[in-house]
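> Quick one: this structure, given as structure tokens, is what I'll be asking you about.
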Amino acid sequence: MSRTSDILGIIRGLQLVAETGIKLQSTELSRVWANSNCRVLLQDCVNSNNASNIVFESADRVATVCHGVKEYAANASAKERYKQNLSDGRPVKEREPSGRQFGIKLTQSDQELLRKLDMEHQEKLKKVEREERRKKADAAKEKERLDEAQSSGSQVTAAKGKLKLSEHSKQRKVPSSRIGRMISFGGLAAGLGFGTATEYAKRAFGSREAATADASTLFLNPRNLDLIVDTLCKVRGAALKLGQLLSIQDDNIINPNLAKALERVRKSADFMPNWQVEQVMGTELGENWRDHFIEFEEKPFAAASIGQVHCGRIQDGREVAIKIQYPGVARGIESDIDNLGGIMKYFDVFPKGMFLDNLMKVAKRELAWEVDYKREADCTRKFRELLAPYSDYYVPDVIDHISTTQVFTTELLDGIPVDQCFDMPAEDRRFIAEKIIELCLLELLEFKYMQTDPNWANFLYNPKKKQIMLLDFGASREYSKEFMDKYVRILKAACDADKETVLTVSREIGFLTGFESKLMEDAHVDAVMILGEVFRSHEPYNFSGQDMTARIQNLVPTMVTHRLCPPPEEVYSLHRKLSGIFLLCSKLKTSVSCRDKFLTLYSKYTKSL
């Protein structure tokens, strides 16, 4: 009887998945149809007085095609007879007529056009040859550099600070249309449902060990996790970005198996095929876009959620980094996040205390900023101006005439990504950590303007110039004075170990409603005090020996279970940056005098109030 009920349960589950998939697909198809050019065309055909003309023109075109097919068949048959005569050894004059003879007469303008096309083709071939020779020369130089670095025992890094694509990255077309992206998510929903049902069947009719396995892995089985990773890496854009944001959440918030899968998402992103790159560049910069460059590397050296980055050299000789946005990403932000969030909520992947709806709302707004490359150009110029007085930092110059809404070009920086600096001498590691902490405090207490993306690849280190070089300002944002005044009060209270002020101001700023249980309030205050240790320590804070992460992890289940409201929207990006910086400092295994830096900038901040 139990087996029968199990089978019925599986059937009901499959039915529910199918109904949900059909509902999602029908809703999206209705939306696509409402905005479709085909709908307008059909209406024009129905309502227009010229409908008969359209029919006659279409019939005429079909007749022309049929006539062409007929002529082609006749000519092909004649060629076969000609070949047969040759094989029989018959003289040419005895051979059968070869069917109709076609002659093509070109006008003077046609001949001139053909000559121009031939010249352009020859020039393209020459460019390809030059590019191949340059690549071989660069490869030889790079090999020589690597051999020299290995023989001297120094660290080997990519030239000019360039990243390298993940070994899991592959060339794959980005689905740019709404229906194409919808189909990808519809396939994900159906695949997850089928995978869950299959896993249930295995446990119901399989071994005793499988039947007693952890129920939480029923949905998050290996097949489903692989499907999630593959779909996010395929569609890229907002869905991949949301997956990457979720990947930095603690294992106590989301299932550890899902966290590992999302970590693979964070480190992997496929890149566009060459024809799609050509299409985007042609649309944004014109069909002669290659005239801007002396050199342009076809394969990107980096690929992320929103776009990929190519290396090139412009006409004035400068090496540049060209960031090219994936097609359809900007248009698909709303639907991508809604589709992915709907799937995750349907399968109840995240706890309610995570407030996934609020996270999705914030992600949509921040993603809309990041896909606007003109905005990123403005943010880059603003940071270049803000950091001009600080010689320890460098922001690249924007190449305006090769930058658009979907193409962003800057000078190529010469530095080592900081996540490749973990084995450097202690002096270099200390310098990197100090300057990144100082930059974070400047952003909070002086600029009130922060680059919030915690990706370590956005920070490069040039050991010769002793500079921190900064990249990727698409996630930059400004914080209001009202919010920052309260947030800085919380930081100062944590620095002074003033728990009462932390609790009071946390209610004012919106971390707490004032109706939380004592357990929740204590957990929140304890978490703030743990983070405040960095600024309470009178000695250089030893990031390598800290257990901050482990202690906060112990508080996370309580806060997720008992939280009554989502945190202020500013906190999502701000804490994402802070957590990334603290983790980077712990990886660098060094000590930083954070207290003096904080108090100095706090004193300047309070004088401006």
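> What are the equivalent ellipsoid semi-axes of segment 391-442, built from the alpha-carbon gyration tensor (square roots of five times its eigenvalues), in whole angstrom, biggest first? List each step's numbers first, then the result.
Details: eigenvalues 164, 37, 17 Å².
Square roots of five times the eigenvalues give 29, 14, 9 Å.
> While we're looking at this one, here's another question. Accessible surface of W456 in the full protein assembly, 1.4 angstrom probe, to the nearest 10 Å²?
Probe radius 1.4 Å; accessible area of W456 about 50 Å².
> Quick one: work out Rg over Rh on the C-alpha atoms of segment 449-520, Rh as Kirkwood radius.
Values: Rg = 17.5 Å, Rh = 15.2 Å.
Using Cα coordinates only, the ratio equals 1.16.
> From largest accessible area down, sort H524, H575; use a 1.4 Å probe on the protein chains.
On the way: H524 10, H575 65 Å².
Final ranking, largest accessible area leading: H575, H524.
> Further question: Quick check: Cα centre of segment 537-609 to Cα centre of segment 439-501, how many Å?
So the two Cα centres are separated by 10 Å.
> When Lys and Arg each count +1 and Asp and Glu each count -1, what net charge do the other residues less than 10 Å away from S403, Cβ to Cβ, add up to?
Details: positive: K323, K374; negative: E284, E376, D400.
Once all neighbours under 10 Å are counted, the net charge is -1.
> Counting only protein chains, not ligands or nucleic acids, how are E131, E482, E319 ordered by accessible area (probe 1.4 Å), most first?
Descending order: E482, E319, E131.
> Would any residue of segment 383-415 have its amide N under 17 Å from a label point 7 Å out along Cα→Cβ of A457? List them or say none.
408-410, 412-415
> Of all the Cα-Cα pairs you can form in segment 378-523, what percent are over 19 Å apart? Present the calculation step by step, with values, prior to reporting the outcome.
Working: 6542 of 10585 pairs.
Here the long-distance tail beyond 19 Å is 62 percent of all Cα pairs in segment 378-523.
> Quick one: ranking K323, K499, K587, K464 by accessible area, 1.4 Å probe, largest first, what do you get?
Details: K323 35, K499 110, K587 90, K464 195 Å².
Reading off the accessible areas and sorting them downward yields K464, K499, K587, K323.
> Give me the net charge of M450's neighbourhood, meaning all other residues with Cβ under 9 Å from the Cβ of M450; Lys, Arg count +1, Asp, Glu -1.
Working: positive: K448, R477, K577; negative: E443, E478.
Net of charged neighbours comes to +1.
> Sticking with this structure for a sec: Quick one: how many Å² of T600 are accessible to a 1.4 Å probe, rounded to 10?
90 Å²
> Would you kindly state how much longer the chain becomes between D392 and E508 on full extension, computed as 0.36 nm times their sequence separation minus their alpha carbon distance, in nm to one decimal?
On the way: separation 116, 0.36 × 116 = 41.76 nm, distance 3.68 nm.
Once the chain is fully extended between D392 and E508, it gains 38.1 nm.
> Obtain the nm distance between the two label points defined at K604 and S26 by a simple spin-label model: each point lies 7 Å from its Cα along the Cα-to-C-beta direction.
In this crude label model, K604 to S26 measures out at 6.2 nm.
> If the limit is 20 Å between Cα atoms, which of K374/K481; K448/K577; K492/K589; K299/K465; K486/K587; K466/K577 go over it?
On the way: K374/K481 25 Å; K448/K577 14 Å; K492/K589 26 Å; K299/K465 29 Å; K486/K587 31 Å; K466/K577 23 Å.
As for pairs spanning more than 20 Å Cα to Cα, those are K374/K481; K492/K589; K299/K465; K486/K587; K466/K577.
> Right, something else. Using the 2.2 N^0.38 Å rule of thumb for compact globular proteins, work out how segment 503-609 stacks up: its C-alpha Rg over that value, please. The partial results should precede the final answer.
Working: Rg = 15.2 Å, N = 107, 2.2 N^0.38 = 13.0 Å.
Taking N as the residue count of segment 503-609, the ratio is 1.17.
> Excluding ligands and nucleic acids, what accessible area in Å² is computed for S593 using a 1.4 Å probe, to the nearest 10?
Solvent-accessible area, nearest 10 Å²: 50 Å².
> Hey, any idea what % of segment 452-609's accessible area is carbon plus sulfur with a 1.4 Å probe? Display every interim value, and only then the final one.
Numbers: 3750 of 6950 Å².
Result for segment 452-609: 54 percent of the exposed heavy-atom area is carbon or sulfur.
> Amide H to amide H under 5 Å from Q467: which residues, 5+ apart in sequence or cross-chain, H placed 1.01 Å off N in plane?
So Q467 has HN proximity to N462.
> Between E295 and residues 5 or more places away or on another chain, which pairs have amide H atoms under 5 Å apart, with H built 1.01 Å from N, and which residues are they?
R313
> Can you give the Rg/Rh ratio of segment 349-461, where Rg is from the C-alpha atoms and Rh is the Kirkwood radius? Intermediate results must be reported in sequence, preceding the final value.
Details: Rg = 16.8 Å, Rh = 16.4 Å.
So for segment 349-461, dividing Rg by the Kirkwood Rh gives 1.02.
> Continuing with this model, one more query. Kirkwood Rh over Cα pairs of segment 438-592 into Stokes-Einstein at 25 °C, 0.890 mPa s: D in µm²/s?
On the way: Rh = 16.7 Å.
Rounded to a whole number, D works out at 147 µm²/s.
The values are calculated or read from the model by the stated rules, or taken from the named source; none is laboratory data. Remember, predicted model here, so these are calculated numbers, not experimental data. Neighbour counts are summed over all protein chains in view; Cβ atoms, including those assigned to glycine, are modelled from backbone coordinates with ideal geometry. Heads up: the accessible areas ignore ligands, DNA and RNA and are worked out on the full protein's heavy atoms, side chains in. Shrake-Rupley method; radii C 1.70, N 1.55, O 1.52, S 1.80 Å.
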